[in-house]
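Here's the structure, in structure tokens; my notes come after.
The values are calculated or read from the model by the stated rules, or taken from the named source; none is laboratory data. This is a predicted model, so every value here is computed, not measured. Cβ placement follows ideal geometry from the backbone for every residue including glycine, while neighbour counts extend to all protein chains displayed.
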Amino acid sequence: MTIKSQVLTALTAVLANTWAVELPEQPTWPAIVFDIDSEPEPNWVQDGGYDRHTISVVILAKTLVEIPALQTSVDAALAAIPVYMGEEGRGDADYEPDPSVYAYFSNHVIRTRRT
């Protein structure tokens, strides 16, 4: 199973309206969007062979009340992935196409061993 499919499965369990990379043209709310930045990590352990995946998740909603519960569920879903390493930041974000939509981001790290 690829890292993308693991993340998509985990986040879709939180909210079916989950999208990789970008929202559809006419999105509905709430929504989750994520992207994955992967890079080799040759010096993380002796002999290397690991990839570091930074998962950026953005939760978008029409009300602020929806975001904390979704964020708690996103955190739990990603932490349940066996190779989860931790979080690297979170905070408010902008959704420029519609200023009436609230956005909140979080970044998570997953390491996988290259096969």
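Some notes on this structure:
- Filtered residues of region 60-98 (kept if among the small types (Gly, Ala, Ser), within 19 Å of His108 (Cα to Cα) and touching a helix residue (DSSP H, G or I) at 6+ places or on another chain (Cβ under 6 Å)): Ser73, Ala77
- For region 65-115, the set of residues classified as exposed (fewer than 11 other Cβ atoms within 10 Å of the Cβ) and among the polar types (S, T, N, Q) consists of Ser100, Thr115, listed by residue number.
- Selection within region 70-115 - over 15 Å from the mean Cα position of the chain (by Cα) and either free of Cβ contacts under 8 Å to residues at least 12 places away in the same chain or part of a strand (DSSP E or B) (or both): Pro82, Asp94, Glu96, Pro97, Asp98, Pro99, Tyr102, Thr112, Arg113, Thr115
- Scanning region 1-46 for residues that are modelled with pLDDT of 95 or more, surrounded by 13 or more Cβ atoms within 10 Å (Cβ to Cβ) and among the β-branched types (Val, Ile, Thr) yields Val7, Thr9, Thr12, Val14, Thr18, Ile32, Val33, Ile36.
- Any chance Gly49 is without any contact (Cβ under 8 Å) to a residue 24 or more places away in the chain, farther than 28 Å from Pro99 by Cα and out of contact with any Asp or Glu (no Cβ under 7 Å at 6 or more places or on another chain): no
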